[in-house]
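The values are calculated or read from the model by the stated rules, or taken from the named source; none is laboratory data. Computed from a prediction, not measured in an experiment: that's the story for all the values here. No Cβ is skipped: glycine too gets one built from the backbone with ideal geometry, and neighbour counts run over all protein chains shown.
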Amino acid sequence: MKVLNFYYNLLEEPHILIAGATGSGKSVMLNGLVFTAACCGSAKCQFIFLDKKRVELCQYKNLRSCITYADDDQQMIEALQQAVDIIETRYVEMQSRGQKKYTGPALYVVVDELADLMTIPVVKKQAVPLIQRISQIGRAANVHLWVCTQNPLREIIPTSIKCNLECRIGLRTASQQDSRNIIGVAGCERFPNPRTENRANAYIRRGADLDLVNIPMYSDEEMENGLSQLAKRIVIAPVKPLVPHETESMLKLIFSPLLWLFGLK
Ligand SMILES: Nc1ncnc2c1ncn2[C@@H]1O[C@H](COP(=O)(O)OP(=O)(O)OP(=O)(O)O)[C@@H](O)[C@H]1O
Ligand SMILES: [Mg+2]
């Protein structure tokens, strides 16, 4: 049998939907993506985390690139609104520069379980238009959604959002129908149970392509080491101020009469 190793950069996918039954490996997959983006992606990438379970993504809370970590309903809505505001600001910037695509850092909006936002009607009412907006206009602004869900049904993931999450990662599902709802065909229901088999398979659907893959899992130790290395990463000093603020104002104070004298001020 010919074994093919292939690689593609999921960090560049516009938006990703990761779905599968409980224990199918969604959080492991999501953690792998975040960890890879944080360690190997662009040094300037940013994250907004929505983690109602409070345990799946909390290790990234103190990352320099984490601009928001939300773990309750109100905070999660505010975090989504913040992502929409960032997109809109980026569009204004793109417009003023005459660009069609934002060339600054990628922003990943990471949702560990979409059902957390969709099961309480008042929260759902606010969340749906925001997620929909991010999924519709985020791409050009280099803002990407990574969303997990146990349940790929319409009540949890409205069609208006689902149709924009074009890259689908189907892990083990409870039924053939769930597999079809995620990747368009049956197959995910036959995957081994990662909890008992210590491995996870997935189908990745990108447009017409459907690939069967093994999902890697970082050990806790690898994660801890990686994150502590990241925390130590040297920050490139900003160009300004070249002199400390106080010295700078002192210099201004001393030199401004001279500048005025020479007509430079
Ligand atoms: N890629 C993998 N390789 C090896 N083991 C895995 C992998 N993915 C998951 N597992 C095993 O399965 C367990 C459950 O995975 P995970 O917590 O990611 O599931 P989940 O889909 O997020 O579940 P839930 O819907 O309940 O949140 C892990 O703790 C791990 O033991
Ligand atoms: Mg999970």
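For the reader, a short list of remarks on this structure follows.
- Options L17, L33; residue that is surrounded by 17 or more Cβ atoms within 10 Å (Cβ to Cβ), within 15 Å of ligand 2 (Cβ to nearest atom), at pLDDT 95 or above and closer than 23 Å to I204 by Cα: L17
- Of residues in segment 11-28 being part of a strand (DSSP E or B) and within 16 Å of ligand 1 (Cβ to nearest atom), the one farthest from R133 (Cα to Cα): A19
- Residues that are surrounded by fewer than 24 Cβ atoms within 10 Å (Cβ to Cβ) and either in a helix (DSSP H, G or I) or within 15 Å of ligand 2 (Cβ to nearest atom) (or both) within segment 101-111 are absent altogether.
- Number of residues in segment 162-183 that are exposed (fewer than 14 other Cβ atoms within 10 Å of the Cβ) and assigned to a loop (DSSP other than H, G, I, E, B): the value is 2.
- Residue check, A83 outside any strand (DSSP E or B), modelled with pLDDT of 95 or more, buried (at least 22 other Cβ atoms within 10 Å of the Cβ) and small (G, A, S): yes
- Subset tally (residues that are over 12 Å from I161 (Cα atoms) and over 13 Å from the mean Cα position of the chain (by Cα)) for segment 119-141: 10
- Residue count for segment 4-40 satisfying the condition of being without any contact (Cβ under 8 Å) to a residue 60 or more places away in the chain and farther than 17 Å from L212 by Cα: 3.
- Selection of segment 127-156 for residues being at pLDDT below 95 and away from ligand 2 (no atom under 16 Å from the Cβ) yields L153, R154, E155.
- Residue satisfying all of: in segment 138-179; β-branched (V, I, T) and in contact (Cβ under 8 Å) with a residue 24 or more places away in the chain; farthest from ligand 1 (Cβ to nearest atom) among these: V143
- When segment 36-62 is filtered for residues that are crowded, with 19+ Cβ neighbours inside 10 Å and either acidic (D, E) or over 16 Å from W146 (Cα atoms) (or both), the ones remaining, listed by number, are D51, E56.
- Residue that is farthest from E56 (Cα to Cα), among those in segment 144-161 that are outside any loop (DSSP other than H, G, I, E, B) and touching a helix residue (DSSP H, G or I) at 6+ places or on another chain (Cβ under 9 Å): S160
- Looking only at residues in segment 192-207 that are within 16 Å of ligand 2 (Cβ to nearest atom) and not in a strand (DSSP E or B), the one that is farthest from R180 (Cα to Cα) is R195.
- Hits in segment 29-59 (condition: in a strand (DSSP E or B) and touching a Cys at 6+ places or on another chain (Cβ under 9 Å)): Q46, F47, I48, F49
- Failed item in (1) within 16 Å of ligand 2 (Cβ to nearest atom); (2) under 28 Å from S175 (Cα atoms); (3) of a type outside the set (K, R); (4) at pLDDT 95 or above, with F49 passing the rest: (2)
- Test for A186: is it in contact with a helix residue (DSSP H, G or I) (Cβ under 8 Å, 6 or more places away or on another chain) and either within 22 Å of T36 (Cβ to Cβ) or touching a residue at least 60 places away in the same chain (Cβ under 8 Å) (or both): no
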